[in-house]
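Asker: So that we are looking at the same thing, I have put the structure below in structure tokens.
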Amino acid sequence: YGLLLPEMQADLGIDARVGGLIASGSYGSYLVGNTAVVWLTSRFGPRLPLGTAAAAATVGMVLIATAQAVPGLAAGVLVAGLSAGLAVPPYADVVAHAVAPARRPVAWSVISSGTGWGVALAGPVAVALGARWRIAWLAFAGLAVLVGVAAILAVPARAAGPAGELPRLRWSWVVCPRSRPLLLSAVLIGAGSSVWWTFSVDALRMAGMPESPARTAYALCGVAGIIASGTGALAARAGLRRSYFLTCAVLAASLGMLGLTGASFTAAVVAALLFGVSYNGVFAVQGLWSADVFGDRPSAGLAAVNTALTAGTITGPAVAGMVIHSHGYGIVLGASAAVVALAAVQAPPSRPHVHDAHAV
């Protein structure tokens, strides 16, 4: 959406305020999907929510491609936003119950690198087809159909877990001494990293870099995210705590570097590569950490982590926008780096323990 927004603004007469409101609405629909997926997965297994996610993505992107005015575009973005909330949590159950324990870290890190693949594909399309943005959206919708069918065929209809009744979802299960550092770190990572996703291209443009190189750096961020597929192997060797410290440190460094790059394309590319690897790496480690904390209901636990991440993602750009107006991008990116560094303090324990829902 952000990569193709300038062309959509020009064709549909959307100003920055309306474009921002539509983007914020997508986070709201994401939270709706992230809440609904807990019930859907526990009741029907992972296949139905994954199929629903693919359908929402397809329908939403077709609506965007055919929009003739702001309401149509907003409707498409809201429907497509549901898909992200529905898509990821079911895989937590699949990994926990259908993948051998020794392979789970690698499997989860590969799954969580999907953001990297998405940005890597979308970036070149935005550069090549920016003016023909409707064709780009239709191509993405076709990919959603193919990937959705593949996911439905690949995952079990029901990720059978251990016998017995699932623990009740109550506040004390979601937020407890073991989960609190994980949820707080997710909020901080969401707040700090969202400044990159929202303002990086504009920050580079304001520093004097042309639009196409700025978008190219953004796309390279996605390509680098694919490398985060190896995070599981890193976590298996170094442990969750060290892996989390390392990925948070690199993420903070990439944000700080972006604030110092100016119009240097080389420096921007380095920052983008570091951000792509570390952001997806942090997300992968948080997924593995969530499986330790919420072992009795993995999909519900991951949905709680994603909700915390989204809370930070919604808050970060709003606060950053006010600071940018007064102090510019350099200060904001430095502050974002500090926020991510604070998240590193909320690290996994040296020897993680599985969450016991009946003890709280």
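The values are calculated or read from the model by the stated rules, or taken from the named source; none is laboratory data. Computed from a predicted model, the values in this text were never measured in an experiment. Heads up: the accessible areas ignore ligands, DNA and RNA and are worked out on the full protein's heavy atoms, side chains in. Shrake-Rupley method; radii C 1.70, N 1.55, O 1.52, S 1.80 Å.
Asker: Give me the percent of the accessible area of the range 1-114 that comes from carbon and sulfur atoms, probe 1.4 Å, all protein chains in place.
Answerer: The C+S portion of the solvent-accessible surface of the range 1-114 is 69 percent.
Asker: Would you mind checking the tilt of helix 265-293 against the longest principal axis of the Cα atoms of the chain, expressed as 0 to 90 degrees and rounded to 10?
Answerer: The angle comes out near 20 degrees.
Asker: Moving on to the next point. Per DSSP helix of 4 or more residues, -39500 (n - 2.57); summed, then divided by the residues of the chain. What does that give at 222 nm, rounded to the nearest 500?
Answerer: So the helix-based figure for the chain works out to -27000 deg cm²/dmol.
Asker: With the contact rule set at Cα under 8 Å and sequence spacing of 6 or more, what percent relative contact order holds for the range 1-97? Present the calculation step by step, with values, prior to reporting the outcome.
Answerer: On the way: 120 pairs, mean separation 34.8, N = 97.
Relative contact order for the range 1-97 comes out at 36 percent.
Asker: Continuing with this model, one more query. Leaving out ligands and nucleic acids, note down the accessible area per residue over the chain with a 1.4 angstrom probe, in whole Å².
Answerer: 44
Asker: Sequence gap at least 6, Cα distance under 8 Å: using those rules, report the relative contact order of the chain to the nearest whole percent.
Answerer: 24
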